[in-house]
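Right, one structure below, let's go through it.
The values are calculated or read from the model by the stated rules, or taken from the named source; none is laboratory data. These numbers come from a predicted model, not from an experiment. Cβ sites come from the backbone with ideal geometry, for glycine too, and all protein chains shown count toward neighbours.
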Amino acid sequence: MARTFTKLGKEITIAVKQAGPYPENNPRLRVLMQTARKENMPKENIERAIKKAADKDFSDYKEMNYEGYAPFGIAIFVETATDNTTRTVANVRSYFNKFGGSLGTSGSLEFLFDHKCVFHIKPKENVSLEDLEFELIDLGVDEIAEDEGEILIYGEFAQNSNIQKYLEENGFEITSSEFVRIPNDLKKVTPEQTEQINKLIEKIEEDEDVQNVFHNMQEE
């Protein structure tokens, strides 16, 4: 849970730095605050993250991506938010090296993943999934599904703000949102190989600069 709060805190700080501290004027901040509430992030943590962006001594987080291969040819995509890129790249490279992988050049594996935005919304009376999908298809939405009483909307990353605007203007309650990278070609591995690859993934995820780790591993 603490890991989730740290990740959300950084995202909130970045959103405030980009578009200001007022949710009514900052769509990304607005939806991140909803996500934070859904995760039961304490109010003081949210306020601290917002204030951090206004601190004159704060040097700002840079969002950096790192791409590489784990053992057995599994692609790993690492998203970070860091105030020290030299430290972060050295750490990420060391994890790949230690666990039998290799860090690649920036952009070398991006084509293996589709960058998507995901909105979690509450169902609305008299609106079917089919109707909603029809309304959103022109906004780059390519999948809508139900999950544990919520509706999940998957759309093109670049259409994130347009999808959010539509949902808000049409009275849908957004409970959270996130960005994901979905592999377009999964690679099968054995249970023994999976165990070895997971050691690398877990080590990367432990790093405080790391926000997300995506891969194209398919377990047998």
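Just a few scattered comments:
- Some residue of segment 87-104 being over 21 Å from Ile201 (Cα atoms) and either part of a helix (DSSP H, G or I) or at pLDDT below 95 (or both): no
- The listed residue being touching a residue at least 40 places away in the same chain (Cβ under 8 Å) and assigned by TED's automatic domain parsing to the domain that holds Gly73, out of Leu200, Leu167: Leu200
- The listed residue being farther than 30 Å from Gly101 by Cα and either of a type outside the set (Val, Ile, Thr) or at pLDDT 95 or above (or both), out of Glu208, Glu195, Glu150, Glu220: Glu150
- Of all residues making up segment 15-37, the number that are over 19 Å from Ile163 (Cβ atoms) and surrounded by fewer than 19 Cβ atoms within 10 Å (Cβ to Cβ): 5
- For the residues Thr86, Thr105, the requirement of being in contact (Cβ under 8 Å) with a residue 12 or more places away in the chain and polar (S, T, N, Q) singles out Thr105.
- Taking segment 128-143 as the range and being in a loop (DSSP other than H, G, I, E, B) and loosely packed, with under 15 Cβ neighbours inside 10 Å as the test, only Ser128 passes.
- Every residue from segment 144-180 that is among the small types (Gly, Ala, Ser), loosely packed, with under 14 Cβ neighbours inside 10 Å and within 24 Å of Met41 (Cβ to Cβ): Gly149, Ser161
- The set of residues in segment 35-86 that are on the phi > 0 side of the Ramachandran plot and at pLDDT below 95 contains only Asp60.
- Subset of segment 60-88 [among the β-branched types (Val, Ile, Thr), buried (at least 17 other Cβ atoms within 10 Å of the Cβ) and more than 21 Å from Phe5 (Cα to Cα)]: Ile74, Ile76
- For segment 166-193, the set of residues classified as under 19 Å from the mean Cα position of the chain (by Cα) and farther than 29 Å from Ile76 by Cβ consists of Ile174, Thr175, listed by residue number.
- Among residues of segment 90-100, those that are buried (at least 17 other Cβ atoms within 10 Å of the Cβ) and either out of contact with any strand residue (DSSP E or B) (no Cβ under 6 Å at 6 or more places or on another chain) or among the small types (Gly, Ala, Ser) (or both), counted: 3
- The residue that is surrounded by the fewest Cβ atoms within 10 Å (Cβ to Cβ), counting only those in segment 1-14 that are hydroxyl-bearing (Ser, Thr, Tyr) and within 16 Å of Lys52 (Cα to Cα), is Thr6.
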